[in-house]
Amino acid sequence: MYNKLVSAGNTGKNAGSDCHVSLELLETGGIQLSIDSKVGTLYGGRIAALCREMLGHFGIENASLAVEDSGAFDFVIAARIEACVRQLIPTDKRYLPELIPQNSYASKADKMRFSRLYIPGNSPKMMINGGIYGAHGIILDLEDAVAPQKKDEARLLVRNALRQIDFYGAERMVRINQLPRGLEDLDEIIPHQVHLVLLPKCESREQILEVNERIGAIQRQHQLEGEVYLMPIIESALGVIKAYEIASAAENVVAVALGLEDYCADLGVRRTVAGAESLYAKSALVNACRAAGVQAIDSVFSDFQDEEGLRETVLLAKSLGFEGIGCIHPNQIKPVHESFAPLEEEIEKAKKIVLVFEQAEAAGLGVVSIGSKMIDPPVVKRAVQLIDRAISLGKLPQNWRPEGE
Amino acid sequence: MVKNAVGRVVPTTVNNVAAEPYKGVGKHRPRGRKYSTPISSCADYPSDGNKLVPSLKEALIRSGLRDGITISTHHHFRDGDLIANQIFEIAAELGIKGLVWAPSASFPCHKPIIQHLENGVVHHIEGSMNGALGRYCSEGKMAGLGVLRSHGGRYQAIQDGELHIDIAVIAAPAADAFGNANALYGDAACGSLGFALADSEYADKVIVVTDNLRPFPCVPWQIQGNYVDYTVVVDKVGIPEKIISGTTQITRSPDRLLLAEMTARFCEQAGLIRQGFSFQAGAGGTSLAIGIYFAEILKKKGFKSGFARGGSNKYLVEMLEQDLTDYILDGQTFDLEGVRSLRENIQHVMTSPFTSYNYHGKGNFASMVDIAILGATEIDLNYNGNVVTHSDGYLLHGIGGWQNCLFAKCVILPIPLFRGRVPVIKDQVTTICGPGELIDVIVTERGIAINPLRQDLLDAVKHSSLPLRTIEELKAEADRICGTPDPLNLGDEVVAAVKWVDGTVIDAVRRVIA
């Protein structure tokens, strides 16, 4: 473990808000710090203090630690240092930054999930403002967005981000790696207020159960309560066949998403904008999700500069029965929300249904109808949900009922 | 040194000229008369109107180039200026020392001036110092004090005789031999020459340099030949690609788009966007995006703006041509669409720092604008703003029209809560460039703060869905995210003075300990 130089983090032009840390354990000589920071005038002292505190925390007395800092926040620097330490000494210790109180809100199973913004799990610059664009969910992505050799350090960065970054009410999601590596991801992230875990390339019920078993064990170990929801992602022909089995595998599966890049590769076809090749998968998924009573979520739209294309895709998705889509760029969120939002005529119809139902209920009537059409309880439930959404999207005021009602 | 009305300790002489400390908005009322130039006689000028001399060098010599004088240039060519550097090369070649350069702004292309500051050809700069020049001045390497003025403050200082210009060199995209000049034609066409107006009116000697000599009369004559001593023809006055500003594309940055959208929403919900309203148009990516949002709101509501004042570009021209605004009052033109429109459209009007910004005039346009959207490097809890230094103390930007635009009816600053790791809201700004009483609204990605002095605005948006916060709450959030920075350790030595619009000293820039 001595005289071996290890490093973590990123440096260079695109490493804004990140840092590169290298560490070597020494046999004698105390702690030698070298800090080269873009914000050294304002934060140099603070960074040095953090470095010393962390090395002390891990019981390191003799080491050479170099930080090349491009304006990283403390929780980023801490994740990078810990990633170095763990490469050199076996330890069960963790250095956890404060879990900010703003992050202790809950989610719910039928939460609105129109948009969920993917943020690469090893890119601190994109994390810090992740919550300001109003996405319904924020996904810290440990899977495809992280290079294989960066998986271990990304896990620590995502953990610290979950504790420190305020996502302003968005559902807090993590996409773990494919199993079995994904199970190790769970160990690191589950204790830190994760609302929902995305499970990539899901093909069976067993995978869901395996993930749930691990989550349960972690929760027992840390004496945690509360449901962690799952959103399996189906990305293969077999996955589509097994969609219902997956969607109904466990109570905490609240949505199933489609990943079309891999699905098309599996089919051996090219993914097109028109999407004829994936129509079956989309419909099959929506049908399975409806049967299981969970949300169906569409695949991401990859050209983030093509707003018109995105809007068309979302309108199609909505018409097929999808209730959300992944976003790879913040500029996609607004068009996605606008396209998924209920239309004026839908809102008007829902208002009418709810009002008629409430009147009938007040009058003690069992059967409700508008004109010659009977209104079933599921229709009412759907109308109530639509109105809730319209309110939360700012399309309807809270007090939408006519005066005097 | 004396403490001024915003509590800053400032020098009472700047480069051996007495300077008044800042006293408050509208408090300094100078008496006396404006500066006037010596009387000229037509007997001393060619009656055929041909003032051409063979070279810039000869024109400078004939204008009395000598040690210690002040030479001015304008910045309409932005980073494509080819003339300012030549002036000081000529001076160096002639062994001249101790000059003062008084540009209306400097750009990265003026980095070679550093070598003339090093070798004593230039003593100091009175004007904005950006990039390398700002760094040089900040580290205390300049022989004299830097003097930073707003565009309007520069006009005021020249008019009041506080900044005396011995020789003004006015590079012009089009001129005749008499000296009439404009910027509407030629390879270097940049729209307006307004920043050179004061120089033409008040300098002892005026040289017009052009690469596009036109037969008399060169019209319109934004610069009048009757002020001009010599005209010079050169191969090239500017580099066209660099004259077009780099910031004429609408931002694609999601953070900036969010700020732009929130700003437009604020204006709409506060009822500021009305039939006939006017706004300050800027060149930055965020300002451009706000302009687009304004246009959308105007279309949606069937309103039309009375006038847009400031920098023009293709987006503003589109608004004019789509009849979404009645007039563009153009201070500087940022692209060729702006130049074309200035040439063709009588409702696209050239302005100058005299008409728009000069505080020592009988009114100006800036205070008649309804909404001004500006930037800042820092803001403090009293809403005082800084635009010239960064939080590490380095002088990196000019004031531009910022101070002058603060007099608009509603001043809004869309700014990120932090840049990189550096918070923008401070207990005290590093340098005060504008008093908080003139700054009304801060729009950040994490909330909007309204100056408590603007109860009317607070009332107007009380029931809106806008994310309203106090400035203290915003600062606390930024400090939580970034960590509280160490206090900045600056030297005592003053390296530059920041003037207010009335010529008083609002703050002094201290040396950075490098």
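One table, with the values for the structure above:
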| quantity | calculated |
| --- | --- |
| Chain lengthening between A:L320 and A:E345 when straightened (0.36 nm per residue, less Cα-Cα) | 7.1 nm |
| Separation in nanometres of the label points that stand 7 Å from Cα toward Cβ, at B:I513 and A:S369 | 8.8 |
| Estimated FRET transfer efficiency (A:L355, A:D306; beta-carbon r; R0 51 Å; 0.05) | 0.80 |
| Axial C-alpha extent at least 15 Å, average Kyte-Doolittle at least 0.0 - helices from chain B (DSSP) | B:285-301 |
| Ranked packing of B:272-279, A:270-277, most packed first, by mean Cβ within 10 Å | B:272-279, A:270-277 |
| Long-range HN-HN contacts of B:D507 with modeled amide H, under 5 Å | B:V498 |
| Lysine pair count for the stretch B:254-489 [Cα-Cα under 22 Å; pairs on different chains or 8 or more apart] | 10 |
| Top of A:P377, A:P335, A:P120 by mean-square fluctuation, Gaussian network on chain A, Cα under 10 Å | A:P377 |
| Shielding of B:252-259 by partner chains, average beta-carbon count, 10 Å | 4 |
| When each of A:K125/A:K151; B:K3/B:K23; A:K150/A:K334; B:K57/B:K97; A:K318/A:K373 is checked by Cα-Cα distance, pairs over 21 Å | A:K150/A:K334; A:K318/A:K373 |
| Cβ crowding within 10 Å averaged over residues, with B:495-505, B:408-418 ranked highest first | B:495-505, B:408-418 |
| Beta bridge orientation in the stretch B:1-109: antiparallel %, DSSP, nearest 5 | 50 |
| Estimated distance in nm for a label pair at B:K27 and B:R66, the labels positioned 7 Å out from Cα along Cα-to-Cβ | 4.1 |
| Per-peptide average of other Cβ atoms within 10 Å, ordering A:321-329, A:234-242 highest first | A:321-329, A:234-242 |
| DSSP bridge orientation in chain B - percent antiparallel, rounded to nearest 5 | 35 |
| Per-pair calculated FRET efficiency, R0 = 25 Å: B:R252 and B:N345 via Cβ, rounded to 0.05 | 0.30 |
| Added length on full extension, which subtracts the Cα-Cα distance from 0.36 nm per residue, B:A460 to B:T12 | 157.0 nm |
| Proximal charge balance of A:V379 [Cβ under 12 Å; K/R count +1, D/E count -1] | +4 |
| Mean Cα-pair separation over length for chain A, i.e. relative contact order, pairs under 8 Å, 6 or more apart, % | 11 |
| Average other protein chain Cβ within 10 Å of Cβ, residues B:479-487 | 5 |
| Beta bridges by DSSP in the protein assembly as shown, antiparallel share as percent, to the nearest 5 | 30 |
| Number of partner chain Cβ atoms within 10 Å, mean per residue of A:36-43 | 6 |
| Stretch gain in nm, segment A:M1-A:N287, where the contour uses 0.36 nm per residue and the Cα spacing is subtracted | 97.4 nm |
| Local electrostatic count, A:D18, Cβ distance below 9 Å [Lys/Arg +1, Asp/Glu -1] | +1 |
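The numbers here are math on the coordinates, done by the rules we state, and not lab data. Because the structure is predicted, anything quoted here is derived from the model rather than measured. Virtual Cβ from ideal backbone geometry, glycine too; neighbours counted across all protein chains shown.
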